[in-house]
Amino acid sequence: MVRTVVMHDEELLRSALVQLLRSDAALEVSSRAPGADLPDRDELPTDVWVVDGDCLWGPGQTHDTSFRSQCGGRLVVLTTARRPGILRRAFDGGALGLVDKNAPARRLITAVHTVAKGERFLDETLTVALLEGAAMPLTTRELSVLSLASQGAPLAEIAARLHLSRGTVRNYMAAAIRKVGARNRVDAIRILQSGGWT
């Protein structure tokens, strides 16, 4: 039996994923809501975690190290090609499985079995998006400035939190807006969020 835990923030979808995976008699499936305290790895022996990509990170985080340290590397992340930022961070964070949310149901079951063996599973529909995700146009500092702006922080607060002058923050903001082809900072934030970068 492959012990599998599904994590998704929407209860209906979490239940549907559990039922889908339980259709395979070789899988023992349970579920958890994101944010729930995770037991020690010894208390909850799990072979594979199936996690929605949006549940792994909050704004400005590159990857959730506490989740990975408690759950290990046998991770299947569900995402789409339209979210190259999430896809790239999942890959860089060590997820062994990347499954397109638009894939046929059987593909998720195949991914779980592949990852349970310690092998990598990359949905072919995500390969181009993964390569595009490697080409993040912003520097780490520009991304930090926009991430704080997306949380509603004013210019002075961004400058104070990043230990920069206001002029430097304005320069980073202008460079980020130009690099993503946005009209203004709100548009730049929208572009980054829709791509899964913040």
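The values are calculated or read from the model by the stated rules, or taken from the named source; none is laboratory data. Remember, predicted model here, so these are calculated numbers, not experimental data. Note: ideal-geometry Cβ built from the backbone for every residue, glycine included; neighbour counts use all protein chains shown. Quick note on the areas: whole protein, heavy atoms, side chains included, nothing else; ligands and nucleic acids left out. Shrake-Rupley method; radii C 1.70, N 1.55, O 1.52, S 1.80 Å.
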Protection proxy ranking, peptides 113-122, 84-93, average beta carbon neighbours within 10 Å, highest first: 84-93, 113-122
Quick one: Debye curve from the C-alpha atoms of the range 102-162, no solvent, what's log10 I(q)/I(0) at q = 0.12 Å⁻¹? -0.57
Taking 7 Å along the Cα-to-C-beta vector as the label spot, tell me the Arg82-Arg120 distance in nanometres, rounded to one decimal. 2.7 nm
Quick one: with all protein chains in place, what share of the accessible area of the range 124-198 is carbon or sulfur, to the nearest percent (1.4 Å probe)? 54 percent
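How would you rank 140-151, 180-191, highest first, on the average number of other Cβ atoms within 10 Å across their residues?
The packing order, highest mean first, is 140-151, 180-191.
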Inter-label distance, nm, simple model (7 Å from Cα along the C-beta direction), Asp24/Arg190: 4.0 nm
Note down the nm distance, to one decimal, between modelled labels 7 Å out along Cα→Cβ at Leu162 and at Met1. 5.0 nm
